[in-house]
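Participant: Please see the structure below; I have some questions.
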Amino acid sequence: MKGFEYLQEELEAMQKAGTFRRLIPLESEQGSKVIINGKEVIQLSSNNYLGLTSHPRLRRAALEAVEKYGVGTGSVRTIAGTLAMHEQLEKKLAGFKHTEASLVFQSGFTTNQGVLSAILSPEDVVISDELNHASIIDGIRLTKAGRKVYKHVDMKSLEEVLRETQTYRKRLIVSDGVFSMDGNIAPLPQIVELAEKYDALIMIDDAHASGVLGKNGRGTVNHFGLDGRVHIQVGTLSKAIGVLGGYVASTQTLIDYLIHKGRPFLFSTSHPPAVTMACIEAIDVLLEEPELIDRLWENTRFFKQGLEDLGFHTGKSETPITPVIVGDEVLSHQFSDKLLAFGVFAQGIAFPTVAKGMARVRTIVTAQHSKQELQQALDAFGKAGKELGILQ
Ligand SMILES: *Cc1c(COP(=O)(O)O)cnc(C)c1O
């Protein structure tokens with residue numbers, strides 16, 4: 001069919017530049033090892049921090065939900081698609097996050113879009129860290145509020161913006177809790193202090209912190225002892241929780257408002273029973289099996305140290321996300337390809353996901369990896385790094 005030649009041209013330019021990527025399908029379930037192209041490789045690219053995507057308790061919860069409730073809900077939440085289990089999950093999440101209430105969306109992405117687009121008007125302003133996740137950026141694009149960006153985790157820059165914006169009705173500071181490409185943690189204690197000084201609201205997106213940081217994986221707010229001082233906590237059910245979805249944990253007022261104004265909540269069908277029941281089970285697993293989080297951190301320390309000992313540039317990560325920064329985009333993809341040939345799946349990530357000149361292979365270890373798998377991965381990194389001249 002004719003019509004898309006202009007897009008094809010752009011794709012061909014990407015192919016020439018070495019930046020065109022094909023999807024890499026897994027031929028097995030998610031895990032510390034996966035099958036790609038018929039070959040077993042070590043998985044270092046998933047967000048499956050605790051291995052919950054295949055946890056026996058979640059599997060069983062999902063299967064029982066299908067048996068008892070079927071596979072779909074047949075409606076959006078606000079018409080006929082709210083099952084009792086949806087409210088049960090929301091109660092559980094609110095309890096877990098130590099907030100009054102919570103509301104589940106179809107994904108973390110739509111949660112950010114839904115919240116940001118709903119609660120701000122032209123007389124308000126949103127103040128955003130420059131490295132926030134794409135879903136926050138897109139949510140901000142949907143508001144008619146004023147928009148300000150502060151330099152990445154730079155509190156001087158944030159305070160400058162707060163000083164400049166005192167005439168607005170409401171100010172909302174929004175930040176990732178853990179930044180997904182660098183693995184550093186937002187300076188929440190200072191953000192809270194500034195927000196309280198300048199009477200601003202705070203929204204923290206803990207997609208990469210829930211299940212990872214804080215007591216039983218409650219996230220960065222709990223990690224820093226700031227329960228009750230952050231107005232809006234966003235989380236995903238798709239990463240450490242191992243299933244699918246997003247949620248906002250906050251006051252009853254905000255939740256009631258979003259039930260009326262959160263557009264993805266209003267206009268997109270609710271989670272099927274299997275997803276909902278598996279998420280409920282996942283929160284119980286976090287509460288009852290904290291050893292998973294201990295193992296995640298033990299593996300994190302081991303792998304980070306190994307990469308540093310090899311001489312790689314791993315940036316300023318403080319979490320299980322460890323970038324191996326190589327700079328050049330084409331080199332990062334070559335590095336990833338070579339690692340795959342050596343039995344390690346670690347994706348190259350380049351512009352626009354990270355800044356130009358900061359291309360990297362990003363690794364995430366999980367609680368499921370054995371020491372032996374991680375050592376094998378480190379050996380592959382060393383060998384690939386030397387062959388490509390990344391290491392001396
Ligand atoms: C992954 C991620 C999301 C999106 O979550 P999904 O549930 O996958 O849609 C949102 N915010 C941040 C910071 C993320 O890292």
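Participant: With r as the distance between the Cβ atoms of Thr82 and Asn37 and R0 = 45 Å, compute the FRET efficiency 1/(1 + (r/R0)^6) and round to 0.05.
Facilitator: Computed FRET efficiency for Asn37 and Thr82 comes out at 0.55.
Participant: Sequence gap at least 6, Cα distance under 8 Å: using those rules, report the relative contact order of region 73-271 to the nearest whole percent.
Facilitator: Normalised by residue count, the contact order of region 73-271 is 29 percent.
Participant: Provide the convex hull volume over Cα atoms per residue for region 35-80, in Å³.
Facilitator: 166
Participant: Have a look at region 27-148 and give its Rg and Dmax from the Cα atoms, expressed in angstrom.
Facilitator: Computed over the Cα atoms of region 27-148, radius of gyration and Dmax are 19.0, 56 Å.
Participant: Which residues make up the longest stretch of the chain that has no trypsin sites (Lys or Arg not before Pro) in a DSSP loop with at most 14 other Cβ atoms within 10 Å?
Facilitator: Counting at most 14 other Cβ atoms within 10 Å as exposed, the longest clean stretch of the chain is 170-315.
Participant: While we're looking at this one, here's another question. Cα centroid distance between region 309-333 and region 123-139, in Å?
Facilitator: Distance between centres, Cα-based: 26 Å.
Participant: Could you tell me the convex hull volume per residue, in Å³, taken over the Cα atoms of the chain?
Facilitator: 165
Participant: Can you pull the percent of Cα pairs in region 73-271 with separation above 29 Å?
Facilitator: 17
Participant: While we're here: Springs between alpha-carbon atoms under 10 Å, Gaussian network over the chain: tell me which of Thr110, Thr19, Thr99 tops the mean-square fluctuations.
Facilitator: Thr19
Participant: Per DSSP H run of at least 4 residues, take -39500 (n - 2.57); add these up for the chain, divide by its residues and hand me the 222 nm value, nearest 500 deg cm²/dmol.
Facilitator: Calculated at 222 nm, the ellipticity per residue is -13000 deg cm²/dmol.
Values quoted throughout were computed directly from the atomic coordinates according to the rules given, and no laboratory measurement underlies them. Computed from a prediction, not measured in an experiment: that's the story for all the values here. Cβ: placed from backbone, ideal geometry, glycine included. Neighbour counts: every protein chain shown.
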